[in-house]
1. Go through segment 75-119 and give me each residue that's part of a helix (DSSP H, G or I) and closer than 21 Å to residue 178 by Cβ.
2. Tell me which residues, restricted to segment 51-74, are under 24 Å from residue 174 (Cα atoms) and touching a strand residue (DSSP E or B) at 6+ places or on another chain (Cβ under 6 Å).
3. Could you list, in sequence order, the residues of segment 3-34 that are free of Cβ contacts under 8 Å to residues at least 12 places away in the same chain and assigned to a helix (DSSP H, G or I)?
4. Here is a check on your reading of the model: is residue 154 modelled with pLDDT of 95 or more, touching a helix residue (DSSP H, G or I) at 6+ places or on another chain (Cβ under 7 Å) and not in a strand (DSSP E or B)?
5. Looking at 40, 59, 6, which one is touching a helix residue (DSSP H, G or I) at 6+ places or on another chain (Cβ under 6 Å) and over 20 Å from residue 162 (Cα atoms)?
6. Which condition does residue 132 not pass, out of (1) surrounded by 15 or more Cβ atoms within 10 Å (Cβ to Cβ); (2) in contact with a helix residue (DSSP H, G or I) (Cβ under 7 Å, 6 or more places away or on another chain), if it passes all the others?
7. Going by the conditions given, is residue 58 more than 22 Å from residue 91 (Cβ to Cβ) and part of a strand (DSSP E or B)?
8. Could you check segment 83-103 and list, in sequence order, the residues that are within 13 Å of residue 59 (Cβ to Cβ) and without any contact (Cβ under 8 Å) to a residue 12 or more places away in the chain?
């Protein structure tokens with residue numbers, strides 16, 4: 001297919017690293033050491049989804065399936081002190097990057113849609129994310145039904161350094177999952193023409209930072 005969505009294998013790691021570094025170098029609201037974006041053990045344990053346009057990788061997003069509160073808190077860089085009960089497993093979406101040439105095509109939302117479809121398929125109860133306030137995706141996630149909480153500590157523990165308030169978001173798939181999927185389908189329209197290749201993989205869990 002000329003435009004496709006698939007789960008990447010480890011042999012695509014250099015392509016993914018390059019796309020991450022290329023786009024994160026222009027990030028606003030935070031700073032980071034770009035070497036943090038190199039393919040890691042947690043990438044191999046995760047699900048890394050990619051979009052390709054005529055074989056060129058143009059977008060990527062990582063989903064980490066987590067069953068341990070301590071590990072989730074380390075990844076979010078804050079304690080889970082929010083008025084939302086954690087249910088396991090939860091999938092944490094991160095490391096999203098889209099090539100500048102394709103940033104008007106809604107590919108971040110396309111990849112998120114397929115991760116939500118995967119969560120629905122496997123009965124994963126929660127989808128979690130984090131970003132600095134003012135992100136372009138903020139209003140979209142509100143409309144999808146995500147709950148928003150502020151991480152008052154910000155990002156200071158790893159190579160990320162937040163320059164604006166940090167938000168943690170949670171989508172309860174039981175109560176808002178179908179609404180979120182319907183929203184994506186309505187919002188994206190023919191942009192969902194990127195063909196999903198393969199099937200949803202078996203569950204595996206991240207154990208590393």
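The values are calculated or read from the model by the stated rules, or taken from the named source; none is laboratory data. Keep in mind it's a predicted model, so treat the numbers as computed, not measured. Cβ atoms come from the backbone with ideal geometry, glycine included; neighbour counts cover every protein chain shown.
1. Applying the first criterion (part of a helix (DSSP H, G or I)) to segment 75-119 yields 75-76, 100-102, 107-119.
Once the filter is applied, which keeps residues that are part of a helix (DSSP H, G or I) and closer than 21 Å to residue 178 by Cβ, segment 75-119 yields 108, 109, 110, 111, 112, 113, 114, 115, 116, 117, 118, 119.
2. If the condition is that a residue be under 24 Å from residue 174 (Cα atoms) and touching a strand residue (DSSP E or B) at 6+ places or on another chain (Cβ under 6 Å), then 61, 62, 63, 64, 65, 66, 72 are the ones that fit.
3. 11, 18
4. Numbers: modelled with pLDDT of 95 or more: yes; touching a helix residue (DSSP H, G or I) at 6+ places or on another chain (Cβ under 7 Å): no; not in a strand (DSSP E or B): yes.
Judged against the criteria, residue 154 is not a match.
5. Numbers: 40 fails: touching a helix residue (DSSP H, G or I) at 6+ places or on another chain (Cβ under 6 Å); 6 fails: touching a helix residue (DSSP H, G or I) at 6+ places or on another chain (Cβ under 6 Å).
59 is the lone residue from the list that is touching a helix residue (DSSP H, G or I) at 6+ places or on another chain (Cβ under 6 Å) and over 20 Å from residue 162 (Cα atoms).
6. It is condition (2) that residue 132 fails.
7. On the way: more than 22 Å from residue 91 (Cβ to Cβ): yes; part of a strand (DSSP E or B): yes.
For residue 58, the condition - more than 22 Å from residue 91 (Cβ to Cβ) and part of a strand (DSSP E or B) - is met.
8. 103
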